[in-house]
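> One structure, pasted below without further comment.
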Amino acid sequence: MIAPLAEALDRMTRVGGVWGALLVAADDGLVIAEAVMEGIKPAAIAALAASLARQSGIASEAAGAGTPRFLHLQGAAGTLAVMSAGDGLLLVAVGSDEMNVGLARLEMLRAIEAAE
Amino acid sequence: MMIDELTSLVDEYLRSPRSLAFVDLAERLRTEGRLEAAVRVALTGLEHYPTLSAAYDVYARILLDIGDLDRAETIWRELLERDRRHVGALTGLGGLYARKGDYDSALDHLERALSVDPADPAVVQALMRVRRAAEDAEGDATSAQASEQTLFRGLDGAGRGMLLADRHGQMLGGRLETPAGDEVSEPAAAHVASVAREATRTADMLGLGPWLWLTIEAAAANLHLSAPDDQSLLLVVRDRSMPAGRLARLAERAAETARGWLGEQIL
């Protein structure tokens, strides 16, 4: 099970502009599995992505939109994508401002299938 | 001259501390803003005259100035139970309700005070002041309602899925409803401010540069959060049938509209 997940995360990093891919525990923001480029700090990404997902979940519920499934934070110099992977897990991709979010999202869905 | 008047009141009070001079002195100290001294004088006097309505009236005014609205209201209500035509209590409650924003009750009490004493200049002035405040408040409410209806006019879903808030989570305009039609503008505004702070922190710490926007694809709807300027936040919500790209385009147009509207508010 771990090997397919590692392969799936690795495939995510091959998407244009992606610097790293992680599987993260949603409640405490700890890294469960990761594939990141050198110089990328997975612990910080995991913690911040989990926190953003939590806060977004509260706002989404308040707006009557229900539980978030996918977040896309666009910065001037980079991109963060977070997908709910079920069972209290989040799949996270971080990359440049030119990251292909559509492809990254497809690979995230495949990674979730691999994790199941 | 004012100091001379205060000095003479103090002299009179000190000459006969058990006289009724404490009522005028407490009121004088209140109008001078010396509220602690006013409280001491009023309470000391009330020990000697525990049923004196004028003293309770002054004490309630002092409490109002201190900001203890509940106790002031209790005292004036008790005075009205004893004498329903007590002008001081009616005027005091009028001012108190106006301060709470309950202009209907405020005007009701002041008009009753005026019917008891039509020549009392304090009552007339208070009534005019509260009428003006009530008109202003009504104008503000109309203006807020107008901004809710006109801010995003012409844009798809303007009356139910676009919300402009400040960075502290206060509503600026627009309106947000759940898919069931319940209005959730204010709670949503409060929470998007927290999300924006989290987005700023995340983008900063991960080296993503200033955050531009955040989309949230949720179970019942998709949300798009952006910052039209450095003081405001824009939330656009649509059902899941609208693709993320179209939602982003719509949000861009709404942001342009919001910037124009914000510029007009400043001017």
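> Using a Förster distance of 45 Å, how high is the FRET efficiency between B:Val124 and B:Glu256, based on the Cβ-Cβ distance and rounded to 0.05?
Approximately 0.35, to the nearest 0.05.
> Calculate the translational D of the protein assembly as shown in whole µm² s⁻¹ from Stokes-Einstein, where the hydrodynamic radius comes from the Kirkwood formula applied to all Cα pairs, the temperature is 4 °C and the viscosity 1.567 mPa s.
51
> So, one more: Give the residue list of trypsin sites (Lys or Arg not before Pro) in the range B:32-122 that are DSSP loop and have at most 13 other beta-carbon atoms within 10 angstrom.
Taking the range B:32-122 and a limit of 13 other Cβ atoms within 10 Å, the loop trypsin sites (Lys or Arg not before Pro) found are B:Arg84, B:Arg85.
> Take every residue in peptide B:217-227, count the Cβ atoms of other chains within 10 Å of its Cβ, and give the average of those counts.
Mean shielding count: 6.
> Could you list which residues have their amide H under 5 Å from that of A:Gly75, counting only those 5 or more apart in sequence or on another chain, with H placed in the peptide plane?
A:Leu80, B:Leu212
> Express in Å², to the nearest 10, the accessible area of B:Met205 obtained by rolling a 1.4 Å probe over the protein heavy atoms while all chains stay in place.
We get 120 Å² for B:Met205.
> Size of the dipole of the protein assembly as shown about the Cα centre, Lys and Arg at +1 and Asp and Glu at -1 on the beta carbon, nothing else charged, in debye to 20?
The calculated dipole for the protein assembly as shown is roughly 440 debye.
> Same structure again: Please name which of B:Thr74, B:Tyr49, B:Leu96 has its Cα lying farthest along the dipole of the range B:47-136 towards the positive end, using unit charges on Cβ (Lys, Arg +1; Asp, Glu -1) and the Cα centre as origin.
Towards the positive end, the residue furthest out is B:Leu96.
> What are the residues of the range A:68-92 that lose 50 Å² or more of accessible area, with a 1.4 Å probe, going from their chain alone to all protein chains?
Going by heavy-atom accessible area, the residues of the range A:68-92 that drop by at least 50 Å² are A:Arg69, A:His72, A:Leu73, A:Gln74, A:Ala76.
> So for the range B:98-137, Kirkwood radius off the Cα pairs, Stokes-Einstein at 37 °C and 0.692 mPa s: how many µm² s⁻¹?
Answer from the Stokes-Einstein relation: 328 µm²/s.
> Around B:Leu233, under 14 Å between beta carbons, what's the net of Lys plus Arg minus Asp minus Glu among the other residues?
It works out to a net charge of -2.
> What FRET efficiency, computed as 1/(1 + (r/R0)^6) with R0 = 35 Å and r the Cβ-Cβ distance, is obtained for B:Asp136 and B:Asp68, rounded to the nearest 0.05?
0.85
> With a 1.4 Å probe and every protein chain kept in, tell me what percent of the accessible surface of the protein assembly as shown is carbon plus sulfur.
C and S atoms contribute 51 percent here.
> Per DSSP helix of 4 or more residues, -39500 (n - 2.57); summed, then divided by the residues of chain A. What does that give at 222 nm, rounded to the nearest 500?
Computed ellipticity for chain A at 222 nm equals -13500 deg cm²/dmol.
> Hey, another quick one. Can you compute the helix-only [θ] at 222 nm over chain B? Use -39500 (n - 2.57) per DSSP H run of at least 4 residues, normalise by all residues, nearest 500 deg cm²/dmol.
-21000 deg cm²/dmol
> May I ask you to list the GluC sites (Glu not before Pro) in the range B:1-82 that are in a DSSP loop and have at most 14 other Cβ atoms within 10 Å of their Cβ?
Those that pass, being in a loop and sparsely packed, are B:Glu32.
> Give the A-B buried accessible area in Å², both sides summed, 1.4 Å probe, nearest 100.
2700
> Could you tell me the center-to-center distance, by alpha carbons, between the range B:11-56 and the range A:33-52 in angstrom?
69
> Let me ask something else. Estimate the FRET efficiency between B:Arg77 and A:Arg54 by the formula 1/(1 + (r/R0)^6), using the beta-carbon distance for r and 41 Å for R0, to the nearest 0.05.
The pair B:Arg77/A:Arg54 has a calculated efficiency of 0.30.
> Then there is this: For the range B:207-267, what is the accessible area per residue in Å², given a 1.4 Å probe and the full set of protein chains?
48
> Then there's this: Kirkwood-based Rg over Rh for the range A:2-115 (C-alpha set), two decimals?
With Rh from the inverse mean 1/r over Cα pairs, Rg/Rh is 0.94.
The values are calculated or read from the model by the stated rules, or taken from the named source; none is laboratory data. Small disclaimer: the values here were computed from a predicted structure and weren't measured. Cβ sites come from the backbone with ideal geometry, for glycine too, and all protein chains shown count toward neighbours. Only protein heavy atoms, including side chains, enter the accessible area calculation; ligands, DNA and RNA are left aside. Shrake-Rupley method; radii C 1.70, N 1.55, O 1.52, S 1.80 Å.
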